[in-house]
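This report concerns only the one structure given below.
The values are calculated or read from the model by the stated rules, or taken from the named source; none is laboratory data. Keep in mind the model is a prediction, meaning the values are calculated, not measured. Backbone-built Cβ (ideal geometry, glycine too); neighbour counts: all protein chains shown.
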Amino acid sequence: MLRGDTAEHLGRVLRAEPGQLYELSDGERVWLGRVERLRLAKRGESSVEFALVEPIPASQPALHIELLVSIVKFDAFEWCLEKATELGASEIVPLAAARTDMALVDAARKRCDRWRKILTESAQQSRRLRPPTLRVPVGNVTNTDDGGADDRIASPAKAFAQSAVTCKVLFSERRDARPLRDVLGAMAQSAGSETSGKVALAIGPEGGWTNEEISAARSSGFCEASLGENILRTETAVIAAMAIVEYALSRE
C-alpha cells in the first residue's frame with residue numbers, strides 16, 4: 001500500500017485507476033503490482049492499495065560510484081543530484097569547499113529532505129531499484145550558541161579522509177593535471193579488478209579547488225585528473241566525469 005504524497009501523486013497527477021499495472025520497489029526487490037483500491041482524501045492521508053502480480057528482475061549498477069561534489073547554487077546542485085542518480089551514482093556527498101558560497105552552505109542543511117526527495121523521484125524515473133545514499137552531513141557535530149547541536153556540511157579534507165574506496169579521482173582544471181584517460185589506465189594497472197568495482201569522484205566548486213584541498217586529496221589517495229582544456233561548470237563536470245568513468249570501468 002502506498003500512502004501520503006506518493007499516493008496523492010499517483011492518484012491525482014498520474015490518474016491511476018483500479019486494474020492498472022505499476023512497478024513497485026521496496027529498495028530490495030521489484031514487483032509488478034495491480035491497483036486494487038484508491039482513496040484520495042480531502043482531509044487526512046490518501047492511499048493506494050495494490051495486489052502483487054509477479055516479481056520483476058532488478059539489478060543495481062555494476063559500478064559503485066561515490067560522488068563527492070561541492071555545493072553550488074541550488075538550482076544547479078539539484079540538477080547535479082538528478083543527473084547523477086540517472087547515471088548510476090551509489091553515494092552522493094555534498095562538500096563545503098573553501099570557494100563555496102558560505103550562505104549556500106548554511107542553507108544546505110535545511111534542504112536535505114528536499115534533496116532526498118529529488119534522489120527518490122529521479123531513481124523512480126530512471127527505474128532504479130533504490131536511490132543513491134545522500135551522505136550529509138559528514139562533518140563534526142558542534143554546539144551552537146544556544147546549546148543545541150549544529151550539523152555542519154563537511155569540508156573536502158574530512159570527506160576525502162572518510163572515503164574508503166580504492167580508486168579515487170579528483171577533477172581539476174590545473175594545467176599539470178593528467179588527462180582522465182591516463183589516470184584511469186594507471187589505476188587499472190595498479191589496482192587490478194578492484195578498480196572495476198568502486199570509484200570515488202571529487203568535483204569542485206566554481207573557482208576550483210584550493211592548493212590546500214588538492215594536497216588533502218592527495219594525502220587521502222586521490223589522483224588529480226583533467227576533463228580537457230575547457231573549464232567546465234560543476235554540473236557539466238558531474239555528467240562528463242560519470243559518463244566517462246562508467247564507460248571506462250563498468251563491466252557491462
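For region 1-100, the strands (runs of 3 or more DSSP E) that sit wholly inside it and include 1 or more residues that are polar (S, T, N, Q) are 21-25, 47-56, 64-70, 89-95. Selection within region 166-190: residues that are touching a Gly at 6+ places or on another chain (Cβ under 9 Å) and crowded, with 17+ Cβ neighbours inside 10 Å. The member of this set that is nearest to Ala248 (Cα to Cα) is Leu180. Lys158 fails exactly one of the following numbered conditions: (1) modelled with pLDDT under 90; (2) more than 20 Å from Thr85 (Cα to Cα). What is the number of that condition? Condition (1) is where Lys158 drops out.
Among the residues of region 209-224, not a single one is touching an Asp or Glu at 6+ places or on another chain (Cβ under 9 Å), modelled with pLDDT under 95 and buried (at least 18 other Cβ atoms within 10 Å of the Cβ). For region 20-38, state whether one or more residues are assigned by TED's automatic domain parsing to the domain that holds Thr166, of a type in the set (Val, Ile, Thr) and in contact with a helix residue (DSSP H, G or I) (Cβ under 9 Å, 6 or more places away or on another chain). Among the residues of region 20-38, not one is assigned by TED's automatic domain parsing to the domain that holds Thr166, of a type in the set (Val, Ile, Thr) and in contact with a helix residue (DSSP H, G or I) (Cβ under 9 Å, 6 or more places away or on another chain), which makes the answer no.
Scanning region 97-107 for residues that are among the aliphatic types (A, V, I, L, M) and free of Cβ contacts under 8 Å to residues at least 60 places away in the same chain returns Met102, Ala103, Leu104, Val105, Ala107.
Listed here are the residues, each with its yes/no results for (1) touching a Lys or Arg at 6+ places or on another chain (Cβ under 7 Å); (2) modelled with pLDDT of 85 or more; (3) surrounded by fewer than 11 Cβ atoms within 10 Å (Cβ to Cβ).
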{"site": "Asp5", "(1), (2), (3)": "no, no, no"}
{"site": "Val13", "(1), (2), (3)": "no, no, yes"}
{"site": "Leu24", "(1), (2), (3)": "no, no, no"}
{"site": "Glu28", "(1), (2), (3)": "no, no, yes"}
{"site": "Gly33", "(1), (2), (3)": "no, yes, no"}
{"site": "Arg39", "(1), (2), (3)": "no, yes, no"}
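Please work out if Arg99 is surrounded by fewer than 18 Cβ atoms within 10 Å (Cβ to Cβ) and at pLDDT below 90. In short, no.
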